[in-house]
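> Submitted below is the structure of interest, expressed as structure tokens.
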Amino acid sequence: MNITNRSRRLGWLLLASCVLVSLGQAPPGRAQETELIEFKIKDQFDRLYTDRRFRGSPLVLVWGDRYGSEFSGLWGNALRDSLATEVRSYRLQIVEVAHLKGVPFFIKGKIKGSFPSDRDDWLLTDWGGAINAAYHCAPDSCNLLIFDAKGKLAQHQTVGAITEPELAATLTSLRRLLK
């Protein structure tokens, strides 16, 4: 194979990968997980959480990176407020996840200090990027990863500012999982 043919094939492969990513699908060789992955992640208070804590009831991971975090708290609070009875009775778990992979070590303390200081207002601090690596969250966005009680990924949606139709559709999906 000459260099021109190899370059063309590489170009087509890159183009196909870009198209698949833009359609919300992972490129070949990078499949999105369909189950809740095993993990050990600390919150901002250095309390360790594992995936086992979140199994047995539907779970919403509200994932946000640097720019998506603007919407993570809004979505987490809106879902908790709308489904307060289910959350209080542990029939539904809603957990915010801060994607922090790539943050330079010398500003980690400053980043941790910017998170809520109330121990009841905790979030998972994913310094290693495990959630993003498994579920290919859209960058610069807030992503809702909704799992059923058995840990199967039921829905993955990218969200921004809350709109009434989008919130209503998400609540409908969650209520179906609670039946």
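> Any idea how far apart Ala133 and Arg88 come out in nm if each label point goes 7 Å out from Cα toward Cβ?
Output for this residue pair reads 4.0 nm.
> Would you mind ranking Ile146, Ile107, Ile41 so that the residue whose beta carbon has the fewest other beta carbons within 10 Å leads the list?
Working: Ile146 22, Ile107 10, Ile41 19.
Final ranking by Cβ density, sparse to dense: Ile107, Ile41, Ile146.
> Follow-up. To make sure I understand, if each residue's beta carbon is the centre and we count other beta carbons within 10 Å, what order do Tyr67, Tyr135, Tyr90, Tyr49 fall in, fewest to most? Intermediate values should be presented prior to the final figure.
Details: Tyr67 12, Tyr135 19, Tyr90 9, Tyr49 15.
Ascending number of Cβ neighbours within 10 Å: Tyr90, Tyr67, Tyr49, Tyr135.
> Now, a different point. Under 5 Å between amide hydrogens, which residues at least 5 positions from Gln155 or on another chain qualify, with H placed 1.01 Å from N in the peptide plane?
Hits under the 5 Å cutoff: Ile146.
> Hey, what do the phi angles of segment 162-173 turn into as Karplus ³J(HN,Hα) couplings, whole Hz, using 6.51/-1.76/1.60 and θ = phi - 60°, x for Gly and Pro?
Once rounded to whole Hz, the list reads 6, 10, 4, x, 5, 5, 4, 5, 5, 5, 4, 4.
> While we're looking at this one, here's another question. Order by neighbour count: Leu74, Leu48, fewest other Cβ atoms within 10 Å first, most last.
Values: Leu74 16, Leu48 9.
The order, fewest Cβ neighbours first, is Leu48, Leu74.
> Do any of Lys110/Lys152; Lys40/Lys179; Lys40/Lys150; Lys40/Lys112; Lys42/Lys152 go past 24 Å between their Cα atoms, and which? Before the final figure, lay out each step's value.
On the way: Lys110/Lys152 35 Å; Lys40/Lys179 29 Å; Lys40/Lys150 19 Å; Lys40/Lys112 18 Å; Lys42/Lys152 22 Å.
Cα-Cα > 24 Å for Lys110/Lys152; Lys40/Lys179; rest within.
> Still on this structure, I have one more. For Trp127, what is the net charge nearby, where nearby means another residue's Cβ is under 11 Å from its Cβ and Lys, Arg count +1, Asp, Glu -1? Numbers along the way, then the final one.
Working: positive: Lys42, Lys101, Lys108, Lys112; negative: Asp126.
So the surrounding residues net to +3.
> Pop out the ³J(HN,Hα) list for segment 134-144 in order, Karplus 6.51 cos²θ - 1.76 cosθ + 1.60 with θ = phi - 60°, rounded to Hz; leave Gly and Pro as x.
After applying 6.51 cos²θ - 1.76 cosθ + 1.60, I find 7, 10, 6, 5, 5, x, 6, 8, 9, 10, 9 Hz.
> Starting from the amide H of Gln44, placed 1.01 Å from N in the peptide plane, find each other amide H under 5 Å away whose residue is 5 or more places distant or on another chain.
Leu123, Thr125
> From the backbone phi of segment 52-59, what are the Karplus-calculated ³J(HN,Hα) couplings (6.51 cos²θ - 1.76 cosθ + 1.60, θ = phi - 60°) in whole Hz, Gly and Pro given as x?
Per-residue couplings from phi come out as 4, 5, 9, 8, x, 8, x, 9 Hz.
> Need one number: nm distance between label points at Lys179 and Lys101, each 7 Å from Cα along Cα→Cβ, rounded to one decimal.
With each label point 7 Å from Cα toward Cβ, the separation is 3.7 nm.
> Mind listing the long-range amide H neighbours of Gln93? Cut-off is under 5 Å, sequence gap 5 or more, other chains count too, H placed in the peptide plane at 1.01 Å from N.
Long-range HN contacts for Gln93: Leu59, Val60.
Readers should treat all values here as calculations from the given coordinates under stated rules, not as data from a laboratory. This is a predicted model, so every value here is computed, not measured. Every residue, glycine as well, gets a Cβ built from its backbone with ideal geometry; the counts of neighbours run over all protein chains shown.
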